[in-house]
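Here, each number is a calculation from the coordinates, and none is a lab measurement. Since the model is a prediction, treat every value here as computed from it, not as a measurement. All Cβ positions, even for glycine, are placed from backbone atoms using ideal geometry, and neighbour counts span all protein chains on display.
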Amino acid sequence: MEGVAIIGAGQTRYGDFPGKGVKELFAEAYLEALKSVDHGLDPQTIQAAYIGCLSAGSGFQLGQLAPLLMGHVGLPHVNAVRVENACASGGFALYTAACAVASGKFDLVVAAGVEKMRDVSSSKGRYWLGVSGDTEYERLAGSTFAGIYALMAARYMHEYGLKREHLSMVAVKNHRNAVANPKAQFRREITLEQAMNGVPVAHPFNVWDCSPTTDGAAVVLLCNAKIARQFTSKPVYLKGFGAASDYLAIHDRNTVTSLAATRRAAAEAYKQAGIGPSDIDFAEVHDCFTIAEILAYGDLGFCEVGRAHYLLENGDTQLDGRLPVNASGGLKAKGHPIGATGCGMACEIFKQLRDEAMEPSRQIKNARYALSHNVGGSGGTAAVFIYQRGDES
Amino acid sequence: MGAHISIPMYQRAVPQRYRLIGQRCLKCGRVNFPPKAVCKYCLTGSEFENVQLSGRGTIYSYTIIAGGGAPPEFAEDARCKGSYPVVLVELEEGPRIIAQLVNPPGEGISIGMPVEAVFRRIYEEEGVIRYGFKFRLV
């Protein structure tokens, strides 16, 4: 298997951009990624593009979105395909791109994601998200994604003594981290009191437990590790990548306090990288709802399943803790443009591992290994990546 | 815009939605609900016999969907009731299923409470009222 390196990455700011559609968002991220390649890159040498997207503005261009976007940036003849696994679409685009390079078939590919969520009404948005879960039973119980994650949270509280306050600690931390991130949707802090007393959504969640609707795009440029130094002296290596599935519906799973897809994807990624959870210096994890970050701590091996709230109490996952999680602000505060999220995490890690986090206050120092984790829906799919900085001798 | 479950699609699941028909795997003996092509327990059995589930079980987990957080096809329901509970129920035959809880108790819902299935109106789409199961406390 060939080694895989990231040589460039770019993303739009996440937020609400009525003046930009999927094409404009994608182009902005792509051009930023191209510009980030230190020694330059001839776009015509790009061989393939894998673009994650759930609905492209709720069905605006469901079919053949990838060639539409590539044609918009002067690459109409590239082998381009849309990748869809709900909220993990970007992660699976990155995974597919990494496999394409690792196989030796291609040397230089684009992994990207884009979502335009703010063009549609909130009810149409909820429709599109809802039909990415189990439509026949979960949805017809009157539930939503928030409702499904709420079932996990209530059970976690019952089994492990997690408190309402712990959920809010995730939101407070991630909002604090987003303040210094120029790419984040919500660059403002919230207090624990605010986070615990928001408008109810699905018990035990209030609005501060939920990620927002977001417009955004992210683009990552991958190449065969053998040629990475043609492009930059500071590549970031993708040392491990794993992806897995689970039953789509929550009622089909053995447990609801752990995501089997995450555990399997993480095991694959750690094995390939030859390292373990204790080697990870920082991580970007999928916090679509506050409980999701708590589940991730256990499933990624940062602690035992059921003990995640102690990491929060100790401040271990804060920016200045021993294992910063979601330094970007996470899905909660950086934002969650569905298809873009998985690639946006890779952009954040690429910048951090090259000491280019823009604002010095948010730069994680002396990091060698990082991990990103992207979940589809309530855990029907998950992808995990392990990155290693490449400027070491 | 609601979740689109076409009339034929709903019709195909009538045995499950009206009568809680599950399938017992002829290989491992365990009960699947909703039905699968291959048993979700032994992952090999593909022959089944139909069994009618009792509808009795206990609350495995629960949530309360707030008025503003309901999916569009349940928005009117949520407006009338203010909010409605959704429960994940572990049935006495083994499977877990998800449905609404009717007549929620004033003093609150908790995990482990015994419930039984009841036949109720679920929602309306394409001019056809869709019926199915919900749960109530025993």
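Annotation: the protein assembly as shown has a Kirkwood hydrodynamic radius of 23.5 angstrom, from the mean reciprocal C-alpha pair distance. For segment A:362-393, the residues whose amide N sits under 19 Å from a probe point set 7 Å from the Cα of A:R229 along the beta carbon direction are A:388-393. The Rg/Rh ratio of segment A:271-393, with Rg taken over Cα atoms and Rh as the Kirkwood radius over Cα pairs, comes to 0.93.
The lysine pair tally for chain B, using Cα distances under 25 Å and a gap of 8 or more places or different chains, is 5. Taking 7 Å steps out from each Cα toward its Cβ at B:S110 and B:E126 produces label points 4.5 nm apart.
Over segment B:55-137, what is the relative contact order in percent, taking alpha-carbon pairs closer than 8 angstrom and at least six residues apart?
Reported as a whole number, the value is 32 percent.
Under 20 Å of direct C-alpha separation, and excluding same-chain neighbours fewer than eight residues apart, A:K234 reaches these lysines: A:K35, A:K226, A:K351, A:K365.
Could you tell me how far the Cα centroid of segment A:270-347 sits from the Cα centroid of segment B:64-138, in Å? Cα centres, segment B:64-138 to segment A:270-347: 33 Å. Average projection, convex hull of the Cα set of chain B: 8.9 square nanometres. The ranking of B:S61, A:S122, A:S143 from fewest to most other beta carbons within 10 Å of each one's beta carbon is A:S122, B:S61, A:S143. Listed by Cβ neighbour count within 10 Å, with the fewest neighbours leading, A:L331, A:L248 appear as A:L248, A:L331. Of the chymotrypsin sites (Phe, Trp or Tyr not before Pro) found in segment A:1-44, not one falls in a DSSP loop while having at most 16 other beta-carbon atoms within 10 Å. Note that segment A:230-269, at 4 °C in a medium of 1.567 mPa s, gets a Stokes-Einstein diffusion coefficient of 105 µm²/s from its Kirkwood radius over C-alpha pairs. Computed about its Cα centre, the charge dipole of chain A is approximately 300 debye, with only Lys, Arg, Asp and Glu carrying charge at their Cβ. Simple spin-label estimate for A:E193 and B:S46 gives 6.2 nm between the two label positions (7 Å along the Cα-to-Cβ direction from each Cα).
The dipole here belongs to segment B:53-100: it is taken about the Cα centre, uses +1 on the Cβ of Lys and Arg and -1 on the Cβ of Asp and Glu, and is about 140 debye. When A:D320, A:D299 are sorted by how many other C-beta atoms sit within 10 angstrom of their C-beta, beginning with the fewest, the order is A:D320, A:D299. With the convex hull drawn over the C-alpha atoms of segment A:113-211, the volume per residue is 131 Å³. Unpaired cysteine residues in the protein assembly as shown (no second Cys Cβ under 4.7 Å): A:C53, A:C87, A:C99, A:C210, A:C223, A:C288, A:C303, A:C343, A:C347, B:C80. Every helix of 4 or more DSSP H residues in the protein assembly as shown counts as -39500 (n - 2.57), and over all residues that averages to -8000 deg cm²/dmol at 222 nm.
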